[in-house]
Amino acid sequence: MTDLRVHPYTAAEPGIFANSYLLECEDGVVLVDANLLVSDARALAARLAALRKPLLAAFVTHAHPDHFNGLPYVAGDDVPVYATAAVAETIGEIALPKREQWQPLYGDEWPDRYRVPDHPLASGEVVEVGGLRVEVHGLGAAESHADSYLLVHAGSRREAFIGDLAFDGVHSYTADGHTGRWLDALDRLTGELNGVRLYPGHGAPRGRALLDEQRRYLLMYREAVRRIAGGAATLTDPQKRELTDVMTRFLPDAPLAWLIGLGADAVATELAARAVPA
C-alpha cells in the first residue's frame, strides 16, 4: 500500500487563509495549489525543503491567484505543473490582469512572475506520480471561471482536493458570478465524492457536510441579493452594507466578510440575467 501523508500549509488572513497541500509519499512530494503572497510561497517552499524529498509534480485546482501565484517560488522549471486545460487556459488569461488589479494593494507581496500549468489535462485524465494515482476532474465555471477537483488514490485510500468548491469557516468568494453553476457542481460532488474526505482551499478537511453547508450559504446569499437588489443588476453601497449585515448574521464571527460586498454586483447581474419576465 502506498504511504501518504498530507501536510497542509495555511496562509494567515492577508493571504486569505488559503491552503496548499504537500502530499508526501515514499519517493517524493506532490504539491496541490500554491498560495497567494510571496511570503507564504516562500514559507511553503521551506516546508517542502524540510521534508527532504524532491517535488515530483504540482497540481492547480482552479484559476484564482491564491491557488497559483506561488508556483514559481515552489516548483522549479523541471517540475511538471498539471491542471485541466480550462484551468490552465484561464490562468494564462487572468494572471496579468489580476496582478494589475491587486499589486497596488499588496505591493512586493504580489509575485512579479507567474507560471501557467504546462501539462494541461482532459477531465477524467489520470496522472501516476510517486505511487499516487491522481484523477483530475473538470467542472467548468463554478466558484471561479474554471474549477476542478483532484481525487487522489494511495492504494485503497482516497482523498479529494476540492479547491474552492466549498469554503469552511470563512465567507465565500462569489465575484466571478457563477453561483447557479456552482450549486450544480455541489450536487455533482455530493454524488461523486460520497464517503471521501474533502480537503478545501480554505478551512479544515471534512466530509459531505462541507458541501451541504456551502450549498446553504450560496442559497442564502443568492436569496439575499435577489431581495435587496429587487431585480437590478447592481447594488448601491447601502444595499451592499445591508447584504453584509445579512450574511454576517448567517455566518457569525467568520472572517473575510469583505468578500460579501465584493461579489454582490456579479451575483445580482447573474440573477437579473436569469430572471423570467412575469
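What follows is calculated from the coordinates using simple rules that are stated; it is not laboratory data. Since the structure is predicted, the reported quantities are computational estimates derived from the model, not experimental observations. For neighbour counting, all protein chains shown are included, and Cβ atoms are generated from backbone atoms with ideal geometry for every residue, glycine included.
The table below gives the values:
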| quantity | calculated |
| --- | --- |
| GNM top mover of THR61, THR236, THR179 - the chain, alpha-carbon springs below 10 Å | THR236 |
| FRET efficiency, ASP245 to SER123 (Cβ-Cβ, R0 35 Å, nearest 0.05) | 0.35 |
| Ascending count of other beta-carbon atoms within 10 Å, so fewest first, for ASP164, ASP176, ASP27, ASP253 | ASP253, ASP27, ASP176, ASP164 |
| Order of GLU270, GLU223 - criterion: other Cβ atoms within 10 Å of each residue's Cβ, fewest first | GLU223, GLU270 |
| Label point distance in nm, TRP258-ASP27, each placed 7 Å from Cα along Cα→Cβ | 4.4 nm |
| Zone of GLN103's modelled label, taken as backbone nitrogen in region 60-81 under 14 Å from a point 7 Å along Cα→Cβ | none |
| Residue order, fewest to most surrounding Cβ atoms within 10 angstrom, among LEU55, LEU189 | LEU55, LEU189 |
| Between 0 and 90°, nearest 10: helix 179-192 axis offset from the chain longest Cα axis | 40 degrees |
| Chain lengthening between ALA49 and ALA209 when straightened (0.36 nm per residue, less Cα-Cα) | 54.2 nm |
| Distribution of pairwise C-alpha distances over the chain, 5 Å bins, in % | 1, 6, 13, 17, 19, 17, 13, 8, 4, 2, 1, 0, 0 |
| For region 3-64 and region 218-240, distance of Cα centres in Å | 36 Å |
| R0 of 30 Å, Cβ-Cβ distance ALA175-VAL6: FRET efficiency to nearest 0.05 | 0.55 |
| Tilt relative to the chain, helix 38-50 - C-alpha long axis, 0 to 90 degrees, to 10 | 30 degrees |
| Interchain or long-range residues, amide H under 5 Å from ARG197's placed H | ALA160 |
| Cα-based shape type of region 5-164, given that a ≥ b ≥ c are square roots of the gyration tensor eigenvalues and the cut on a/c is 1.5 | oblate |
